[in-house]
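Below is one structure, written out as C-alpha cells; comments come after it.
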Amino acid sequence: MSDTPAFEPRIVAFFCNWCTYTAADLAGTARLTYAPNVRVVRIMCSGRLDPQFVVTALRQGADGVLIGGCHPGDCHYQEGNYKMLRRFHLLKRMLKQFGIDDQRVRLEWISASEGDKVQRVINEMVAQVRDLGPLALVGKPTPHPDASEKHAAA
Amino acid sequence: MNHLYYPGCSLKSTGRAYEESLLAVCATLGVGLTELQDWNCCGATSYMAIDEVKAFALAARNLALAEEQGKVGPGTPTVDLVAPCAACYLVLAKAQHCLEENKEVGGKITAALAAAQLQYTGRVVMRHPLDLFTNALGLDAIKAQVTKPLTGLKVACYYGCQIVRPYATFDDQYHPMTMDHLVTALGGTPVDWPLKTRCCGGSLTGTVQEVGLRMSYHLLKEARKRGADVLLTACPLCQFNLECYQDPMKALFPDHEPLPVLYFTQLMGLALGLERARLGLQRLFVPFRQPVGV
Amino acid sequence: MSETMQSAEPRVGVYVCHCGINIAAKVDIAAVVEFAKTLPYVIVVRDYKFMCSDPGQELLQQDIKELGLNRIVVASCSPLMHEATFRHATEAAGLNQFYFQMANIREHVSWVTADKALATRKSQALVSAAVRRVVLNEPLEHQKVPVKPNVLVVGGGIAGIHAALTLANAGKQVTLVEREPTIGGHMAKFDKTFPTLDCAACILTPKMSMVRSHPNITMLTYAEVVGVEGYVGNFTVKVKKKARYVHEELCVGCNECVEACVYKEGRFTDTFNEGLSKRKPVYMPFPQATPSVVLIDPESCIELKTGKCKKQCATACTRNAIDFTMTDEIVALEVGAIIIATGFQTFDATRIPQYGYGKFPNVYTSLEVERLVNASGPTGGEVQLRDGSTPKRVGIIHCVGSRDEKTNRHCSRVCCMYSLKLAHLIHERTDAEVYNLYIDMRTPGKGYEEFYDKLLKEGVNFIRGRAAEVTDWTVTPEEEGKLVIRAEDTLIGVVRRIPVDMVVLSVGLEAHADADEVRRLFNISCSKEGWFLERHPKLAPVSTFTDGIFIAGACQGPKDIPDTVAQAGAAVAEALALVDRGFVELEPNTAFITKELCSGCHTCIAMCPFSAIRYNKEAGVAEINPALCKGCGTCVAACPSGAAQQHLFTDEQIFQEIEGVLNYV
Amino acid sequence: MTKPKVGFYWCASCGGCEEAVVDLHEAILDVVAAVDIVFWPCAMDFKRTDVEAMADGELAVCFINGAVRTSEQFEMVELLRRKAGVVIAFGACAQSGGIPGLANFTSKAAILANVYEDTRTTVNPHKTYPQATVQVPEGTLTLPVLDETVRALGQAIPVDYYLPGCPPPAKLIADAVGAILAGTLPAPGSVLAPNVGVCHECTRKETKPEKMLVTQFKRPHQVLIDPAQCLLAQGLVCLGPDTRSGCGAACPAGNMPCTGCLGALDQVRDFGAKALSGLASVLDAGEDAAIDAGLAGVPDPAGTFYRYSLPASELFAKLPE
C-alpha cells in the first residue's frame, strides 16, 4: 500500500443463492483472502437480476457490477441463468452506448464448489476496475450556473 | 507462419548441424524463422550457477528484444520465439516464469531492462521446434511433404531432461511422445524405450568424465538393445555427449557398439528428401548410413 | 408491503456477533456497533461473543419484548448457516420471523479479508444494507406442502443396500435403482475386507438377498434414473429399465440358457471380473448376483445383432423367460425423498503411462487383484500371473491416481488399507516377497494401525517413496525378465531398483465419469472432482443443496465400508425425518402479481419453468399459483411493469440493499 | 367569482404539446370558460414582464412543456415556479427529457460544431458562433446560453404533477383540467395517467399467445405487420408492456409499435432498464450467438429504451468525448 490514498473501486455483486453465493461462503470457509471491494447482494437466482439493479448500483456509486450465477445447465430453477443471459447481452450493448467500459459489468458462472473462482474473479475484476478508475457518469445533472442551488437536481 | 528464432550459442558452434537442418526443414515446410537481431547469451549453465539474477536478466533482454521486434506489447496478441537448444528453451521459459511469479527478482530485472531502454510485458510464447512442428504446423502437414519415408527405420527418441521439465507445456513430463509421433509421421518406427528423459550425463562429461560416460553409455546400450538404428535428440548438449564420446566410451565399456545420434531435424530433412549436406550430416562423428526412402 | 411500515414505525435492533474470534479478530466490532447506531430506525445495537448461542438469542428476544423491537438484524455468519436459527429466535419472541435480516460478515468478510480496517468498513456496508432492507420486510408464513411417503434409493452398492433395508425396516416403501444388472457394487467384488479380514461375500450377500425378498423394497436393476421433476416431498422420477431380454419374474437363475448358448466358451470381456475372464452373450454377472437373473448383452448376442441364431438359449429355458423382442421400459415413481448412493469408479491406470499398465501384462490394478485373490474369482483365488505362474516378488504401488497434482489431488482414503490387505493376502497365498511403496501410511481407523503393525511383523517390505516408474529397462542379470520399480526410498535416501514379477497399482477412487450428468439430473452440486457436494461439510454431511435429496457413500467422497454404511444410515435418518413429518415448510419467497398493476402483457408466463403462472382471461391479468412457485424471481425481473414482485426479494428491498452496501460511510 | 388563472409555457419542445391543447377541440371552450389563460406565448401575445408583474402564486396552475437547456428556459421556469401554485410538467420532454434529451448522448461542443461548422450546407469560414453577449452601438445584445446537458423540468424546478405523453393524449389533459377545477388532484408528485401498462387498453391484447416468446426481433420496416395480432408477439419492439396507458393504445391501433412516450409506471425506477429486461426476457434463445442474432433487431438499445427519458434515467451519462 502506498501512502497516497489510491482509488479503491466499489463493486456490487449479485450472486445467486445456490451456486455463487454458496461458492463465496466456501471461499470464506477455505479462508481464501480476496479484495474487500466487492459487496454481495444475494438473490435466489441470477434470473432475478433486473437490469434496473445494475443501473441503480452504478448510479449509486458503484464502479462496477459483478453478476454470479450457476453454470449453464446447472440452474437450480432450470434456466433462470439463461433468461438473465439474454438481458445481459442487451444490457452490455446498451451500457457501451453510455460509454461504460465493458470490464465494469461482468458476468461469471461460478458453481457452489468454485470458491477459488470467486477469489480469482473478484481479485481480477477489482484490479481491472481499479485501473479503469472511478466511474464518472459525466452527465449527472449539475446545477445550472444561472439556476439557484436549491432547485438543482431534485 | 512466421516466428522469431533464437539460435543461442550452440547452434552457431558445436550444434551447427542442428541449425542447418532446422533452417532447411523449416524452409521446406514453409515455416518462416526470423533470427532475433542482436540476441545475447540465454544465461544458461555456468551463468545460471553463479548468479541467477544476472542470468535471468540476460534471458529477459532476449525476451524484450523479441517483443520489440515482434511488435507486441500489452493488449496485443503474443509472438512466438523458437528456441531449438533445450537449455536456451528452458532458461528463457524459466525467466518468464520468474518474472511473473517472483516480484523481487522480477523488479530487479525490469529495472535492468529499463536501464537499457527495454521492457518486457509478458507477450512472448516460448516454443521448442518439436512443439512448433507438432502443434503449430501439425503432423498431417509434415506427412504430406514426406518424399522419402523412413520405412523400416527404428528410432529411439530421446527428449533429454530440459524440454519437458519442469514446464511440461507441450508434452507429458514423464512420458513425452511428440518426437515419437513425429517419427511415425515421417514413416519411421519409434522403438519403445524407457529412457526418454533420463539424464545424458550433461556437464559431467566435461568434468567427471567417467560418470558422464557411464550415463551416456546406458542410454545408448538400451537403445541398441531395443533395436534402434539411430537415436534422435533435441538438444545440442545431449547430441554432443552421446555422439562425440563414443570412442572413450568404448574404451571404458568394451561391449559398447557405436550408434548414430542425430538431431531430429536431420532425420526430418532426410524424410523430406533434402540433400545430406544441407542437413549437416557430414559433421557426424558416428556416420549415419542407413538408407532412407527405399 | 407499505402497510406494515405504516402500521408501526420500524424499530430495528442490530446484533453484531464476534463468533469467538472468527469475526472479532478481523473486524473492529466496536466500530461496527457505533456505525450501526447511526442508521435510521435503529433503536439498539449490541454485540455478543456467540449470537447463535442460547444467551445470544435471548439477547435479541429480550429486546423484542422490552424495547418493542419489530425488526431484527444479526451480523454474523452466512444466512445459509444460521438464518433459520435466528428466524426461530425472532418468532419465539413473538415477532414474525421474516422481520429478520442477516448480514454475512464472517464468510464474506472476516474470513476473506486481509486488512482489518477494510474488513470493518465492509462489515459496516453489509450492516447498513441489512438495516435498510429489514425496514421493508413483511410478515410472512411458511407454506406447508404434504410429503409423499415413498423413498427412492439410487445405487445398489453397500450404501444403497443398507439405506434401502433400513428404510424398508422402518416401514417405508422403497425403490432401489441400480444401473448394473445386479446389486452389490464394488463390495461384491472383494474377497476380504480390512482390517478384520472377514469375507466380503459372507457379510454382503445376506443383505443382498434381504433386499430382494423384503416386501417393502422394489428393486429395479439394469435401470437408470432418466428424469427428476418436482421438489422436496414431491418428486416425480422417471426410471429407464433397460431391456434384459429375459423376463425377470420368469427366470429362476438356473443358467441352463448359458450352458446352451451357441458359444461354447466365453468370448466377451467379463466386466465383473475386471476383464480377467470371458463370458458368453447370455450370462449371469456372478453366482450370487441379485436378482439371480441372467441377461443378454445385445452387443454380442448373434440373435440380437443379426437375427440369425439358432437361439438355443431360448429353447433351453423351460420357463420361456427369454424374449428377444423386449425393449427398454420407462417406470414413473412418486417419492418424497431421494437418497443418492452412486458410488465411485477406480482410477484409469493408463493415465500414468510410466507405471506401464496396459503395456506390461504383469502390471495389475488393485481391483483386478481383488478378483484374483477372490475364491469365486477367475482363478479360484490363486494369485497367478498372466502366464499362470506364481509371482515370487510383488510390488504394490500406493497412491496411483491419488495425491497427485497431475491426476487427482485428493487422498482416496482406502488405498493404504486395501494395499495392506492385498499384501497380506498375496503373501499368505503365494509366500511371495511383497513390497509396498507408499508416500505416507494412512491408517486412521479402528484397528487399522494394528493391522499395519501386523503386516510389518509378517515381513512385508515397506518403502517410503513415491514410485517413479515401472520399467523393463534392466541393468543387472537378476533384473532380467522382471519388471523393475524405480523409487526413491526416502527413509534411507537412495534411489532403489526393485525387480518384481508382479506390480499392483493401488488405484484411487474417483467420481464417476458421468457424475456431472447425474448431478444435473438431480439438480445437486458437485465439487470440481465430481464428488457430490454436501450441504455443509460438518453439520449437514448427507444433505444437499436441494431439499429432499440426500447423499450417501463414496459418491460424496472416497470412504471405506464402515464409513459408507454409517453415512447411509445418516441419510436414511434424514429421509425419515422428512417423510415422517408428513409435510415440508417451503420458504415463502414466492412471486406475486398485484393485479391492479398488471396489464396482461404475458411476459412473465414463459419465464416460469414450473408453470406456476397462468393468464386469467376474465380479469385480463396474469396470476401466480404460490404452491407451484419455487421463488426464483425470474418473472419478477422480466415483468415490464413491476406488477410482479417477490416476497423477501421485492425490487425495493433489493434497491435498498444496493444503496446500503454503497452508502456505508 | 374570479376564475383561476392558468399559464402555458414551452421550453425545448417541438410544439406538439401546444397542438395537444388545441386537440381538446370543443372541450377547450369549457376550459376557457372555466379559467383565465393569462400566459400562453405560443397562442397569445404575452411578455415576460407581464409574468414578472404577477404576484407570487398568482397563477393557479402553470403547464410547462419541453425540456430545459438554455439559460432563458431556466430563468422562465424559475419565474413561473414562483408565480404558480401548481406546476404541471406537460408532456414527455418536461416529464423525463423527451426526444431533446437524447442530445445528452453527445456534448454541447459537438452539437455547436455540427450546426455551425460541419453540416454540408453550412458555410462559416470565420467559424462564427453565437455569443452570449455582443456589443452593438445601441448597447449590449444577449442570447440565451446553452447548458451542457438537457434536463427534465423536474431536474430544474420542483414539479407538482406530470402529464405524460408525446404529446399528452387529449383525454388525459381533459381529465387533469377536470381534476384541477374540481379540486380532486391526487397527492403531489403523481403522474396524471393510469398506473397500468398500454397492453391493458390495447385492442390486440386478446391475440397474445399464452407464452410470449420471440426468436427474432424485427424492425417495423422489415416486416409486413399483421394489423390484428399482438405486435410484440410478431417480434416487433413494442414497449406497450412497459409504458403507462392513457393513450388508448393509439400507436398499436395505428399498426405501429408503442415507443414508450407515456413513460414508466410508478413502481419502476428506470424505464429503459426495465423495458430492456422485459424485451430481452421474451427472447427465446439459449446460446450467445442465438441471443445476439435474436437481438439484432434492437440495433440501438439506448435510443430505443431511453427515447423519451434519457435525462431522467439512472445512468444519465454522455458518451466520452
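The values are calculated or read from the model by the stated rules, or taken from the named source; none is laboratory data. In this text, all values refer to a predicted model and were calculated from it rather than measured experimentally. Because the Cβ atoms are built from the backbone with ideal geometry, glycine has one as well, and the counts that use them run over all protein chains shown.
Remarks
- A:LYS92 vs. criteria in a helix (DSSP H, G or I), at pLDDT 95 or above and surrounded by fewer than 24 Cβ atoms within 10 Å (Cβ to Cβ): yes
- Just one of the listed residues (D:GLY240, D:GLY248) is closer than 20 Å to D:SER309 by Cβ and under 25 Å from the mean Cα position of the chain (by Cα), and it is D:GLY240.
- Restricting C:GLU458, C:GLU517 to those that are modelled with pLDDT under 95 and within 20 Å of C:PRO391 (Cα to Cα) reduces the list to C:GLU458.
- Residue in region C:96-130 that is surrounded by the fewest Cβ atoms within 10 Å (Cβ to Cβ), counting only those that are touching a residue at least 60 places away in the same chain (Cβ under 8 Å) and closer than 25 Å to C:PRO588 by Cα: C:PHE98
- Any pair with Cβ under 6 angstrom, 6 or more apart, that starts in region C:49-77 at a residue that is touching a residue at least 12 places away in the same chain (Cβ under 8 Å) and in a helix (DSSP H, G or I) and ends at one that is surrounded by fewer than 22 Cβ atoms within 10 Å (Cβ to Cβ) and among the aromatic types (Phe, Trp, Tyr): C:GLY56/C:TYR48; C:GLY56/C:PHE50; C:LEU59/C:TYR48
- Residue match in region D:163-171 (condition: modelled with pLDDT under 95, surrounded by 14 or more Cβ atoms within 10 Å (Cβ to Cβ) and not in a loop (DSSP other than H, G, I, E, B)): yes
- Selection over region A:75-106 of residues that are in contact with a Ser or Thr (Cβ under 6 Å, 6 or more places away or on another chain) and facing another protein chain (nearest Cβ under 7 Å) gives a count of 3.
- B:VAL164 vs. criteria out of contact with any Cys (no Cβ under 9 Å at 6 or more places or on another chain), touching a residue at least 24 places away in the same chain (Cβ under 8 Å), within 13 Å of chain C (Cβ to nearest Cβ) and among the aliphatic types (A, V, I, L, M): yes
- Scanning region D:237-263 for residues that are in contact with a strand residue (DSSP E or B) (Cβ under 7 Å, 6 or more places away or on another chain) and without any contact (Cβ under 8 Å) to a residue 60 or more places away in the chain returns D:GLY240, D:PRO241, D:ASP242, D:THR243, D:SER245, D:PRO257.
- Hey, B:ALA27 more than 15 Å from B:LEU132 (Cβ to Cβ) and of a type outside the set (D, E, K, R) or not: no
- Cross-chain or 6+ apart pairs with Cβ under 7 Å, region B:113-124 first and among the basic types (Lys, Arg), then assigned to a helix (DSSP H, G or I): B:ARG123/B:GLU67
- Selection count, region C:493-532, where residues are assigned to a loop (DSSP other than H, G, I, E, B), touching a helix residue (DSSP H, G or I) at 6+ places or on another chain (Cβ under 8 Å) and aliphatic (A, V, I, L, M): 1
The rows are residues; the columns are (1) surrounded by 18 or more Cβ atoms within 10 Å (Cβ to Cβ); (2) touching a residue at least 40 places away in the same chain (Cβ under 8 Å); (3) closer than 21 Å to C:GLN288 by Cβ.
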position	(1), (2), (3)
C:GLU180	yes, yes, yes
C:ALA200	yes, no, yes
C:LEU204	yes, yes, yes
C:ASN216	no, yes, no
C:VAL226	no, yes, no
C:TYR245	yes, yes, no
C:VAL252	no, yes, yes
C:VAL258	yes, yes, yes
C:GLU265	no, no, no
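- Top-ranked residue in region C:37-83 [being within 14 Å of chain A (Cβ to nearest Cβ) and among the small types (Gly, Ala, Ser); ranked as surrounded by the fewest Cβ atoms within 10 Å (Cβ to Cβ)]: C:SER78
- Residue within region B:257-267 that is under 21 Å from B:LEU22 (Cα atoms) and surrounded by fewer than 24 Cβ atoms within 10 Å (Cβ to Cβ) present: yes
- Region C:611-665, residues that are within 11 Å of chain D (Cβ to nearest Cβ), part of a helix (DSSP H, G or I) and touching a strand residue (DSSP E or B) at 6+ places or on another chain (Cβ under 7 Å): C:CYS635, C:VAL636, C:ASP651, C:ILE654, C:ILE658
- Assessment of region C:117-135 against the conditions (part of a loop (DSSP other than H, G, I, E, B), in contact with a helix residue (DSSP H, G or I) (Cβ under 9 Å, 6 or more places away or on another chain) and more than 14 Å from chain A (Cβ to nearest Cβ)) yields at least one matching residue.
- Tallying residues that are assigned to a strand (DSSP E or B) and either touching a helix residue (DSSP H, G or I) at 6+ places or on another chain (Cβ under 9 Å) or in the same structural domain as C:THR365 (by TED's automatic domain parsing) (or both) within region C:242-296 yields 5.
- Residue in region A:20-45 that is farthest from the chain's Cα centre (by Cα), counting only those that are touching a residue at least 60 places away in the same chain (Cβ under 8 Å) and more than 7 Å from every other protein chain (Cβ to nearest Cβ): A:ALA30
- Boolean, B:ASP180 is among the charged types (D, E, K, R), free of Cβ contacts under 8 Å to residues at least 12 places away in the same chain and either in contact with a Gly (Cβ under 7 Å, 6 or more places away or on another chain) or within 14 Å of chain C (Cβ to nearest Cβ) (or both): no
- Screening B:ALA66 against (1) over 21 Å from B:ARG165 (Cβ atoms); (2) outside any helix (DSSP H, G or I); (3) touching a strand residue (DSSP E or B) at 6+ places or on another chain (Cβ under 6 Å) leaves a single unmet condition, (2).
- The single residue among D:PRO164, D:PRO144 that is away from every other protein chain (no Cβ under 14 Å) and not charged (D, E, K, R) turns out to be D:PRO164.
- Entirely in region D:1-112, the helices (runs of 4 or more DSSP H) that have 2 or more residues that are of a type outside the set (D, E, K, R) and under 20 Å from the mean Cα position of the chain (by Cα): D:16-22, D:71-83, D:91-96
- C:ASP28 falls short of the stated requirement of being acidic (Asp, Glu) and farther than 25 Å from C:THR113 by Cβ.
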